[in-house]
Amino acid sequence: MSFINLGKALWEGARKLIEAGDAADAEKAGSLRAGNSGMIGEDSDGHLICVSDSPSGCPRKTYLRYLGIQDKVDDKRVNVERMFMQGRKSEESFRERLMAGLPEGYSFLAEEDIPVKWHTRSGLAVTGRPDLVILNELGERVQGIENKCISSVHTATKVLFKKQPKVGHLIQAGHYAWQLALPWDLWYSSGSEYGMNAKYKYMPGPGEPGSEFLAYWDDGRLRGIPTPEMGYNLRWNEAGALEFRQISHQGNILGEWVESIVTLERIIAFYEFVAGMPSSGLIGPRPQSQSADGSEVGFCPCGFCALTPVCEKHEGKGLTKWLKEVLKSEFVVDMRKQAK
Ligand code: SF4
């Protein structure tokens, strides 16, 4: 009896899907993407800083994507991208439930039906596709949604109990809210239960506010977080800052509006900076994560980026030299060459 090696088939399948996605993405080379989700501003000493939760919000990575230069598809990347593939399945469930639960006559548009596009001062296009825009019974656009998957207990506790949506997600959703001039929601969903045998100090006990997100054993000990789901209403205030307010999976408003560190000025500055890289010759600051309300400065996303050795060695030498070293490295694929 012989077996098809399904583990191998699934792994190779994931690799092929990523490569196909990269090829499709490279066809959009020559424009900047709203999904890159970085912000550029100044710190209190006047130094340029970039705020982002991931390497995709780094100006250098954004510039490479603009050129059509992608991360190589190695085993490490396949492992990470499998998580995003599962996330897309979670989005399908979210849409199904939303369609069934919206008021009579309401519907929504998805991604390809609602492209957004604007231009930097130098004329470079910034493009994006929001997840969903809800239409009322008259067919008018009334609210947008960005849906993200919770894939770890860390994210679950952060978005549910610390009330801190990820800054990159706020930037992306806020970007679309600005472009389409609509109120927006950012929703976190997961189809998993996260078992826990110890609770964090900010997590509620049985019967306390927020305990609806948790499961407990009969004696009151925490059992875990079953299928976490949590939303945030988002709005731009008059000062150009994005505000958020938490809403539970059962529709309860769970607090006041909080002003985030995300500002329109910093989002636009990010794209203007990247668009100006060829003329300025600058490669920009490394990204640094911050909590949504600015209360904590977190990790450096460079730890998740294959280009760290290149940046460490060549980041002080200007854009031309840095780009040359990136292209010489084993970490990227130049899709422009593959297309020829
Ligand atoms: S290693 Fe370099 S390219 Fe990668 S995120 Fe950090 S600064 Fe950006």
Residue count, the range 35-46, condition part of a strand (DSSP E or B) and either within 13 Å of the ligand (Cβ to nearest atom) or of a type in the set (Val, Ile, Thr) (or both), comes to 1
Among residues of the range 289-340 being surrounded by 13 or more Cβ atoms within 10 Å (Cβ to Cβ) and among the polar types (S, T, N, Q), the residue nearest to the ligand (Cβ to nearest atom) is THR308
Conditions (1) in contact (Cβ under 8 Å) with a residue 60 or more places away in the chain; (2) part of a helix (DSSP H, G or I) -> ILE49 fails only (2)
Among the residues in the range 91-111, are any assigned to a loop (DSSP other than H, G, I, E, B), touching a residue at least 12 places away in the same chain (Cβ under 8 Å) and closer than 25 Å to GLY21 by Cα? no
Within the range 64-83, the residues that are closer than 14 Å to MET335 by Cα and more than 9 Å from the ligand (Cβ to nearest atom) are ARG65, TYR66, LEU67, GLY68, ILE69, GLN70, ASP71, LYS72, VAL73
Restricted to the range 194-252 and to residues being at pLDDT 85 or above and of a type in the set (S, T, N, Q), the residue farthest from GLN143 (Cα to Cα) is SER211
Contact list, first residue from the range 274-295 and within 23 Å of ALA125 (Cα to Cα), second anywhere and among the hydrophobic types (A, V, I, L, M, F, W, C) and more than 16 Å from the ligand (Cβ to nearest atom), beta-carbon distance below 9 Å, six or more apart or interchain, is VAL274/LEU124; ALA275/LEU124; ALA275/VAL126
Of the listed residues (GLU19, GLU81, GLU42), the one being farther than 30 Å from HIS249 by Cβ and in contact (Cβ under 8 Å) with a residue 12 or more places away in the chain is GLU19
Only one of ASP71, ASP131 is closer than 22 Å to PRO228 by Cβ, in contact (Cβ under 8 Å) with a residue 24 or more places away in the chain and surrounded by 12 or more Cβ atoms within 10 Å (Cβ to Cβ), namely ASP131
For the range 1-34 the number of residues that are small (Gly, Ala, Ser) and either crowded, with 16+ Cβ neighbours inside 10 Å or assigned to a loop (DSSP other than H, G, I, E, B) (or both) is 7
Note on the range 150-163: residues touching a helix residue (DSSP H, G or I) at 6+ places or on another chain (Cβ under 6 Å) and surrounded by fewer than 22 Cβ atoms within 10 Å (Cβ to Cβ) are SER151
When (1) closer than 23 Å to SER93 by Cα; (2) part of a loop (DSSP other than H, G, I, E, B) are applied to HIS169, the one that fails is (2)
**Study point:** Condition check for VAL159: in contact (Cβ under 8 Å) with a residue 60 or more places away in the chain, in contact with an Asp or Glu (Cβ under 8 Å, 6 or more places away or on another chain) and among the hydrophobic types (A, V, I, L, M, F, W, C)
**Key:** no
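The values are calculated or read from the model by the stated rules, or taken from the named source; none is laboratory data. Given the structure is predicted, the values throughout are model-derived calculations rather than measurements. We place every Cβ from the backbone using ideal geometry, glycine too, and count neighbours over all the protein chains shown.
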